[in-house]
1. Kindly list the number of the only condition in (1) in contact with a Leu (Cβ under 9 Å, 6 or more places away or on another chain); (2) assigned to a strand (DSSP E or B) that fails for residue 554.
2. So which of 268, 214, 209, 262 ends up being under 30 Å from residue 512 (Cα atoms), at pLDDT 90 or above, among the hydrophobic types (A, V, I, L, M, F, W, C) and in the same structural domain as residue 119 (by TED's automatic domain parsing)?
3. Can you name every one of the strands (runs of 3 or more DSSP E) wholly within the stretch 461-514 that holds 1 or more residues which are hydroxyl-bearing (Ser, Thr, Tyr), under 25 Å from residue 312 (Cβ atoms) and modelled with pLDDT of 95 or more?
4. Could you tell me which of the residues 222, 268 is part of a helix (DSSP H, G or I), in contact with a helix residue (DSSP H, G or I) (Cβ under 8 Å, 6 or more places away or on another chain), of a type in the set (A, V, I, L, M) and free of Cβ contacts under 8 Å to residues at least 40 places away in the same chain?
5. Hey, does the stretch 432-439 have a residue that's buried (at least 17 other Cβ atoms within 10 Å of the Cβ), in the same structural domain as residue 481 (by TED's automatic domain parsing) and of a type outside the set (Gly, Ala, Ser)?
6. Please go through the stretch 90-114 and give me each residue that is closer than 20 Å to residue 161 by Cα and either assigned to a helix (DSSP H, G or I) or aromatic (Phe, Trp, Tyr) (or both), ordered by number.
7. Given the structure, is residue 27 modelled with pLDDT of 90 or more and either more than 21 Å from residue 163 (Cα to Cα) or not in a strand (DSSP E or B) (or both)?
8. Tell me, which residue of the stretch 515-547 that is among the charged types (D, E, K, R) and at negative phi is modelled with the lowest pLDDT?
Amino acid sequence: MLMRPVPVSRTGQSGDVMSAVAGGVVGTFKIWLLLCSALLSACAGVDVKERYQQTGPDVALSQTSYHVDIKSHDGVVLRATVYQPALEPGVDAPVIIHTHGFGAFRAPRRWSIYGQLVLSGQAAMAAWDSGYWVISYDQRGFGDSEGDVHLMDPDYEVKDFSSVVDWADENLPRILRDPSGDPFIGGSGESYGGAVQILASMQDPRIDAIVPIATWYDLKEALAPNGVVQSFWPFALDWLGTIGSGFDFDLINETSYQSALAGDIDSATTLDMSRRSPAEYCEKGEGIQADALFIQGLRDVLFPLNHGLANWECAREAGQDVYLVALQDGHIMPWPMQAFSGLPLFNTQANIRCGPYRTTAVAMILAFWDDKLKGKTTMRPRHCLTFAFGEPMPSAELLLEPGGEVFEVPEARVKLAFSGSLELLLQPWDWFAGWFIPAGTVLPATEQPVTGGTLRPAFLPLYRAREGDFLAGVPRLQLVTATERAEQAGMLFAGIGVRRPGSSAVEVIHEQFTPVPVPSGEQADMAGVVYPLAADETVGLVLQGYTGAYYGRGEGWRDTARVSGAVTLPLHHGGMD
């Protein structure tokens, strides 16, 4: 149960497969062109003092861009591109600081990977066109910047962000300032670049409005949910960091980090990751000091919705004006580990819809900055939970309410390590057969049998949906597991699945799985869900011994797990209007 090949609209509209494929081909071609243009970005830096020597408040500024070298707090030189806005005489502008993801590099020009293809960079370019100063810089160790990669260390990368703020404050003319004289500072960044915005805002009160996209709250929990190290993403990030930094990522070669990559996170590595996580500081009451628009992906296996919810709560408790948007994508593993949805490894949907509110993601971010940095208030929803198909959810308040309805899990036996490993071959037959099976009467979930568990994943029915039902929140597992061989340890992977009337196919919601050690008496949060249900669909617990995100982590070959317990579902009734 890896994926659903093509999401089908609840309103009857099908996903356009040919458009997706064509978009992927065009996107790949654009990536190669943009990579070539990136090779031209290492031009000599501009002497800013000399450039603005004759620039006063009565001088008009034209829109242009140039490269600069910024000396950071410890002497490391960071390469940045400054985007100067077109400003009429007497007009000042706020500053947006753009930060890139792990293994990547800045937006050295509009026609660049970030300027054209990545939401954080697209928003930065839109801000430039709308009269903002924009600074996009290479984080230390990446691109044209000096130094080694310290993996978002508060003493290095986080302080670098404030060094860029210092540089802007001291060197750029015509910056819009608050009554105390501090510059109005905003920011955008995804993943690694989103984390630096959050952590910097905890240290530097000059930062006013941040837009962290698909980033973490607890880095250790992200890389090792429930104590089990993911397989694909740590491996991918290791290579992205090593190659992207030009082999200046020495931290990853330390014994503790190599052990973590192999699946064993020790206490030293846990502490090291805690220093790099907003969770460490939020739990101490050292909250986020900037207003924030958090954007998180539902299908993001690396940083699922839970991380955005936790960051949102941290900022709200600190008294900030915060917004939350749930998108479909984020960090997406390549097919066949996850369904194809656009650019490789990371992408976000372009359009936003929450009830009657319709806009683009870029326009939404720009409206947030206009509100916080220019005082141009616009009507927009505070919370937005959107989905690729079906009706959108208009409110996120439901997500932050703990609990839900508790459903007893029918006792089941699941083959360890092997069940689910052939879904790529077998699942298409389920979808095909469903075209020829008429939808009959759907029994209550308690009367439906458990299916699978040997070759196929086990599906344990929990609830038969009624019209207007929806899931919104964080499911919670309360399972008791044991192996049939007392001395054997194993691993199961649990997801929330939906089976439609007249079909044997089960869609795992958002393709998210939670690792469950066997034997154990496990209580654990699962990945957050936002999912509209149709009448007579069956919601159930999916259990299997293999999944792509954790390849090589499945244990217990030739053994079977016995499972019982309960699942708390964030189930809501009465529609989504």
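The values are calculated or read from the model by the stated rules, or taken from the named source; none is laboratory data. Note that this is a predicted model, so its numbers are computed, not measured. Backbone-built Cβ (ideal geometry, glycine too); neighbour counts: all protein chains shown.
1. Looking at each condition in turn, residue 554 falls short on (2).
2. Criteria check complete, one pass: 214.
3. In the stretch 461-514, no matching strands (runs of 3 or more DSSP E) lie anywhere.
4. 268
5. no
6. Answer for the stretch 90-114, where residues must be closer than 20 Å to residue 161 by Cα and either assigned to a helix (DSSP H, G or I) or aromatic (Phe, Trp, Tyr) (or both): 102, 105, 114.
7. Taking the combined requirement at face value, the residue does not satisfy it.
8. Going through the qualifying residues, I end up with 522.
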